[in-house]
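Read through the structure below, which is laid out as structure tokens, and then see the notes.
The values are calculated or read from the model by the stated rules, or taken from the named source; none is laboratory data. Model, not experiment: these values are computed from the prediction. Backbone-built Cβ (ideal geometry, glycine too); neighbour counts: all protein chains shown.
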Amino acid sequence: MPDDIIARGTDEVSSFLSGRTVGEILHEAAGRLKKMGVERARVNAELLMAHLLGIDRLALYLGSKRPLNDELLARYDHLLSIRSRGCPLQWLTGHQEFMSIDLRVEEGVFIPRPDTEVLVETAIPLAQEILSCRKKALLMDIGTGSGAIAVSVAGFVNGVRVRAYDISIAAVRTARYNVACQRLTNRVTVIEDDPLSDGHDDDIWKKADMVLSNPPYVPSRDIDMLQREVRDFEPRLALDGGPDGLDVYRRIAARGRLLRQGAFIILEIGIGQGAGVAELLSAAGFELLRIVPDYAGIDRVVVACRKE
């Protein structure tokens, strides 16, 4: 939680902060973050200040001549120190926007990325197609993290029920919070479990209309090359996809054999993994429908349908 991170000791107010206005502090803070290799340093400085003061960025500009008391200065200085070391901004503010939804994120929980919005945007019309033939649709979200996928699809498509799974206690806690905030507790159930283990929720697999997942897909050898915010802070469990990055896809394909004919699987993939994932699904009895690119034109989502 953001307050937990902040509370791990508050440093003395840095001399460069003392006695300055908000505008002056932001200027100095942006320089400090940039020097420490933080991208979009000015934006980071502003968002941290806005979070600290409980205001938006526009109000921050309007109040740029406001002085800060020593307590706020100390708390801001501490936030800058933690961010300078690479701690993700979202963990410090406790928020991440996804599909225009304000999601809570906390330390130890994977931060949803814009790329995953492509998966949601792909799933929505398919879920609506299912509902055009029946009153309800059952979806499984495997490795839900903050609950971004489950909350978004359920929020945009009335009539779907989602069972969202994760083995991380922190992720389950965060996902349940986000489900409650979006008033979706009657349609989204967050479960601490691994549905990819043999025998777990076999009946749900057999009844499911759609399986969604943004699984860990970074090859183990490549994790050390990721940016420090990801490499040093994000949960490795949400990143490491095994030697070739496809370990979890193999497990999903194997369990996918339980799905009924016509059920969909929609998976986010890493760069260059489309053919490999499609081959795994084909061997498990799925027909590849398409591979959807992200906003940068990179293949990002595999869509397949159970054909046997």
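Some notes on this structure:
- Test: residue in the stretch 149-160 that is surrounded by fewer than 24 Cβ atoms within 10 Å (Cβ to Cβ), closer than 19 Å to residue 95 by Cα and either within 16 Å of the chain's Cα centre (by Cα) or at pLDDT 95 or above (or both): yes
- Test: residue 230 is in contact with a Pro (Cβ under 9 Å, 6 or more places away or on another chain), assigned by TED's automatic domain parsing to the domain that holds residue 115 and β-branched (Val, Ile, Thr): yes
Per-residue answers, yes or no, for (1) within 25 Å of residue 104 (Cα to Cα); (2) in a helix (DSSP H, G or I); (3) within 24 Å of the chain's Cα centre (by Cα); (4) at pLDDT below 90:
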| residue | (1), (2), (3), (4) |
| --- | --- |
| 31 | no, yes, no, no |
| 58 | yes, yes, no, yes |
| 71 | no, yes, no, yes |
| 82 | yes, yes, yes, no |
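- Options 277, 302, 218; residue that is crowded, with 18+ Cβ neighbours inside 10 Å, in contact (Cβ under 8 Å) with a residue 40 or more places away in the chain and either among the aliphatic types (A, V, I, L, M) or in the same structural domain as residue 41 (by TED's automatic domain parsing) (or both): 218
- Within the stretch 132-150, residues that are in contact (Cβ under 8 Å) with a residue 40 or more places away in the chain sit with their Cβ atoms under 6 Å from residues that are surrounded by fewer than 24 Cβ atoms within 10 Å (Cβ to Cβ) and among the basic types (Lys, Arg), at 6+ positions apart or across chains, in these pairs: 138/161; 138/207; 140/163.
- Of the residues making up the stretch 291-308, those that are over 16 Å from residue 116 (Cα atoms) and not aliphatic (A, V, I, L, M) are 305, 306, 307, 308.
- Checking each residue in the stretch 54-72 for being touching a residue at least 24 places away in the same chain (Cβ under 8 Å), out of contact with any strand residue (DSSP E or B) (no Cβ under 9 Å at 6 or more places or on another chain) and among the aliphatic types (A, V, I, L, M) picks out only 60.
- Residue ID - farthest from the chain's Cα centre (by Cα), chosen from residues in the stretch 168-203 that are modelled with pLDDT of 95 or more and of a type in the set (S, T, N, Q): 186
- Among the residues examined, residue 164 qualifies as under 21 Å from residue 206 (Cα atoms), free of Cβ contacts under 8 Å to residues at least 40 places away in the same chain and under 17 Å from the mean Cα position of the chain (by Cα).
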